[in-house]
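Taking it in order: structure first as structure tokens, then the write-up.
Read-outs throughout are calculated quantities, based only on the coordinates presented, and are distinct from any laboratory measurement. Remember, it's a predicted structure, so these values are computed and weren't measured experimentally. Because the Cβ atoms are built from the backbone with ideal geometry, glycine has one as well, and the counts that use them run over all protein chains shown.
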């Protein structure tokens, strides 16, 4: 009996017990659908986190202060007041770090923002004009901070989208005054909406000139009297790993020399490092979700084995007749394996369609209330191929025992079976 004939007989046998075949497929449908849906959620989380990290800027290094020791106790990373705007300038202009094309120092703080009879709490960041390009911030209204604002320590501010909506929901904020930590600032611009990222919601932010922040709002200084910054963003010429590694080494040597420190009092991270860490975590989440859903595939496979064993028992006389008229052992084995595989593959195909459809329904929906970012799902070809392949293998694996049992039946005893 050739493959085509075996397939035809398998479909006819399954069609004779439509309800039983459908219930057998149900386990595979649920299992494959769950695998596709949960893996698409995991892949969506991975894609979302990757987009957020890339949204911080292009080819960035993040340079932050290190830890400090007080009374024999080492504090958390970022607490040492060691990094200055002069360090950032030296990275760009010293000629010792040719991989860097732009730098943007930042002094971050938090505070109450009051205007127009409203108030809110947000992040107050002192930045330079280069911040706009390095960190991919764009102005939706008005203008961004300029070099003139920086040089003159101007009392001006650029508002994030959420801050603008909270304080000036029904009006134009440009030219209006906001009070930030007891300092009056004139609004000159509003940023485009960026949403939540790895460093928090980028729309709950107020940008002021770095010099204004350092002289009016946050006067922290290093041990040598320099005015500190909380982060320096260094933009590289390209995204190659070799470029990033060389830049990290050169910046480290330069800062150690400038700070005259025996050990690093700063930390340098790259977007590559952040992406690797994020992908490792989200990859584990995806694997975990897929494994949980895979349990239902195992249950579906057991169901296939059970039904095939019942089928062998019911068709014992049929097997005896086929053997009596010349069917070989391998023909009987192939027949029942094909039946198990057809059940599994058809169920898997339906499960893929349902899983992909469910993922599409979940994509873009928010389940956490107002302000919660929408869920992102991503159905990838590798997930579909994996689910379909596993469903076919499960059909083969769990169909082997019933098929072998059927092929070993003695034709004389099978013909006598009632």
- Message: Between residue 264 and residue 400, what is the label-point separation in nm under the 7 Å Cα-to-beta-carbon projection?
- Response: 5.1
- Task: Report, in deg cm²/dmol and to the nearest 500, the calculated mean residue ellipticity at 222 nm for the chain, where each DSSP H run with n ≥ 4 adds -39500 (n - 2.57) and the sum is divided by the residue count.
- Result: -17500 deg cm²/dmol
- With the Cα gyration tensor of the chain in hand, give its eigenvalues times 5 under a square root as the equivalent ellipsoid semi-axes, listed largest first in whole angstrom. 67, 25, 16
- Message: Give me the one-decimal nm value for the distance between modelled label points at residue 183 and residue 256, 7 Å along each residue's Cα-to-Cβ direction.
- Response: 3.5
- Query: Got the relative contact order for the chain handy, in percent, Cα pairs under 8 Å and 6 or more residues apart?
  - Reply: 28
- Task: Report the extension gain between residue 120 and residue 8 in nm, rounded to one decimal, defined as 0.36 nm multiplied by the number of residues separating them, less their alpha carbon distance.
- Result: 33.2 nm
- Message: Students often check this: by mean Cβ neighbours within 10 Å, which of 201-214, 249-262 ranks highest, and how do the rest follow?
- Response: 201-214, 249-262
- Message: Contact order normalised by length for the stretch 81-264, with contacts defined as Cα pairs under 8 Å and 6 or more residues apart; what percent is it?
- Response: 32
- Task: Order these peptides, 287-294, 268-275, by their mean beta-carbon neighbour count within 10 angstrom, highest first.
- Result: 268-275, 287-294
- Message: If I model a spin label as a point 7 Å beyond the Cα along the Cα-Cβ vector, how far apart are those points for residue 360 and residue 146 in nm?
- Response: 5.1
- Give me D for the stretch 256-324 in µm² s⁻¹, whole number, from Stokes-Einstein with Rh from the Kirkwood sum over alpha-carbon pairs, 25 °C and 0.890 mPa s. 135
- Query: Can you give the angle from 0 to 90° between the axis of helix 241-259 and the longest principal axis of the chain, with both taken from C-alpha atoms, to the nearest 10?
  - Reply: 30
- Message: Test of understanding: extend the Cα→C-beta vector of residue 386 to 7 Å, then name every residue of the stretch 295-314 with backbone N under 18 Å from that spot.
- Response: 295-299
